[in-house]
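The values are calculated or read from the model by the stated rules, or taken from the named source; none is laboratory data. Nothing here was measured: the structure is a model prediction, and the numbers come from that model. Cβ: placed from backbone, ideal geometry, glycine included. Neighbour counts: every protein chain shown. What goes into the accessible areas is simple: the full protein's heavy atoms, side chains included, and nothing from ligands, DNA or RNA. Shrake-Rupley method; radii C 1.70, N 1.55, O 1.52, S 1.80 Å.
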Amino acid sequence: MTLTAIPVLALGFRPFFLAAGLSAILSVAVWLAILSGLWPQPSYLAGTAWHAHEMLFGYLAAVIAGFLLTAVRNWTGMPTATGARLAALVGLWLAGRLAPWLGLPPLLIALLDLAFFPALALALWRPLWHGPNPVNRVFLAVFAGMTLAGAMVHLDALGLFAGGATRGHRLMLDLVLAILLLVSGRVMPFFIKSGIAGARPRVFPVLERLTFVVAAGLLIVDLIQPFSRLAGGLAITLGLLQLARLLGWHDRRIWTTPMLTVLYVGLLWLALGLILDGLPAFTALTPRGALHALTVGAMGVVTLGMMSRVSMGHTGRPMQAVPLTLVAFVLINLAAVLRGLAPLLAPAGHQAWLMAGGLCWILAFGLFLWVHAPMLLSPRPDGNAG
């Protein structure tokens, strides 16, 4: 029996969405335990640097890998990694997560973690570069940017670049935001048209181009002059552009179609998070005080919704959210309110919001795994490949 014949290694979303779900639960549980004094810090990248790194380069990296290894095959009609090659990619991702806890030499920890995005780029090189749509090549540039972001973090940890962790994590965040903007612009109008009879989401090419110009500008300014008025202005502008895109896509029946509702709400969090992220440059709001509106709100809600959708669609199941999945969608949004908005409105309760939000996050992903892990681990019921 070859590794390709094992259902969980049949297509990229299967092992990486399992890994993402487990990572989401364990990394936040460990972080809450560290903050409560119940668990020791890792020997490398301690404190908030470890937490930020695990959410960005652990959880989100797994979601990105699972999504692209699956979607790129659909977009291009060309094969992507399965079987042993897919297992090796998952193993490399896992090595990066475990290394800080194993007492390995710091340079080895850095190299293991940094190897993942170049390996993913290599796995996707052929379909992205030679596929029918040259726009897909942008993902190779994104992987290079993510590798640079990781390198900045590790150079800081190795004592070679003071402040590199903060800038590297912000660069990674901005790159993930760019992927969210790009992928949502590509799939949301399609999902709405195919999921709602007679829906006509409007896409404005000028608005799309302007969105990506501003997103690129924000990324560059955040790298050179973070917290500046220019960075704040670009973040607010990008949030307003995202709101305009969502207005064009809107159909009131989205709100009665849960698998669309969750993605739409996540993209509303993206607009709100960007506006809140920019406001401190012009007001007395704490810089990055609303960071979790972007991370838990936009990224958490959209990725949970997307993983649920892909897990059902690519295992040949109907696109219907079961009751436990609906509970997970409510919990992830509650986590975003508790972590992204509550500390702004009632800062005195910060510790309580942090713990309650973390618990809602853990429960949301626990329900995701409860419902979807059996689908990810078993063959498609229709007998098709994938």
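Brief remarks on what is shown
- Scan region 165-222 for residues that are under 21 Å from L60 (Cα atoms) and charged (D, E, K, R) and the total you get is 5.
- Evaluated against (1) modelled with pLDDT under 95; (2) part of a helix (DSSP H, G or I), L238 falls short on exactly one condition, (1).
Here is a yes/no grid of residues against (1) more than 18 Å from V310 (Cβ to Cβ); (2) in contact with a helix residue (DSSP H, G or I) (Cβ under 7 Å, 6 or more places away or on another chain):
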site	(1), (2)
H51	yes, yes
V63	no, yes
T70	no, yes
T76	no, yes
L89	no, yes
R97	yes, yes
A119	yes, yes
L122	yes, no
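- Within region 223-244, residues that are of a type in the set (F, W, Y) reach partners that are open to solvent by 20 Å² or more (accessible area, probe 1.4 Å) and assigned to a helix (DSSP H, G or I) with beta carbons closer than 8 Å, at six or more positions or on different chains, in the pairs F227/P280; F227/A281.
- D113 passes every criterion in (1) open to solvent by less than 10 Å² (accessible area, probe 1.4 Å); (2) in contact with a Phe, Trp or Tyr (Cβ under 9 Å, 6 or more places away or on another chain) apart from (1).
- Pair list, Cβ < 9 Å and 6+ apart or interchain, from region 293-320 residues that are in contact (Cβ under 8 Å) with a residue 24 or more places away in the chain to residues that are of a type in the set (D, E, K, R) and open to solvent by less than 30 Å² (accessible area, probe 1.4 Å): A293/D277; L294/D277; S311/R14; H314/R14; T315/R14; M319/R309
- P347 meets all of the listed conditions (1) over 26 Å from G273 (Cβ atoms); (2) surrounded by fewer than 22 Cβ atoms within 10 Å (Cβ to Cβ) but one, namely (1).
- Residue among A197, A162 that is under 25 Å from M319 (Cβ atoms), open to solvent by 20 Å² or more (accessible area, probe 1.4 Å) and not in a helix (DSSP H, G or I): A197
- Qualifying residue in region 205-224 (condition: charged (D, E, K, R), open to solvent by less than 20 Å² (accessible area, probe 1.4 Å) and under 22 Å from F282 (Cβ atoms)): yes
- Lone qualifier among M152, M188 - being assigned to a helix (DSSP H, G or I), within 22 Å of I254 (Cβ to Cβ) and more than 12 Å from the chain's Cα centre (by Cα): M188
- Per the listing L38, L26, the residue uniquely in a helix (DSSP H, G or I), aliphatic (A, V, I, L, M) and open to solvent by 30 Å² or more (accessible area, probe 1.4 Å) is L26.
- Qualifying residue in region 305-326 (condition: within 27 Å of I236 (Cα to Cα) and open to solvent by less than 50 Å² (accessible area, probe 1.4 Å)): yes
- Hey, G273 touching a residue at least 24 places away in the same chain (Cβ under 8 Å), closer than 19 Å to S184 by Cα and not in a loop (DSSP other than H, G, I, E, B) or not: yes
- Any hit, region 20-30, residues being of a type in the set (S, T, N, Q), at pLDDT 95 or above and over 20 Å from the mean Cα position of the chain (by Cα): no
- Region 342-365: number of residues that are within 13 Å of L35 (Cβ to Cβ), among the small types (G, A, S) and touching a residue at least 40 places away in the same chain (Cβ under 8 Å): 2
- Some residue of region 240-251 being open to solvent by 10 Å² or more (accessible area, probe 1.4 Å) and either under 27 Å from F368 (Cβ atoms) or in contact with a Lys or Arg (Cβ under 6 Å, 6 or more places away or on another chain) (or both): yes
- In region 304-323, the count of residues that are of a type in the set (A, V, I, L, M) and farther than 22 Å from M188 by Cα is zero.
- One residue stands out among those in region 76-89 that are in contact (Cβ under 8 Å) with a residue 40 or more places away in the chain and closer than 10 Å to L9 by Cα: the one that is surrounded by the fewest Cβ atoms within 10 Å (Cβ to Cβ), which is A84.
Residues checked against (1) within 20 Å of T211 (Cα to Cα); (2) touching a Phe, Trp or Tyr at 6+ places or on another chain (Cβ under 8 Å); (3) not aromatic (F, W, Y):
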| site | (1), (2), (3) |
| --- | --- |
| R126 | no, no, yes |
| V135 | yes, no, yes |
| G150 | no, yes, yes |
| L155 | no, yes, yes |
| A165 | no, no, yes |
| M172 | yes, yes, yes |
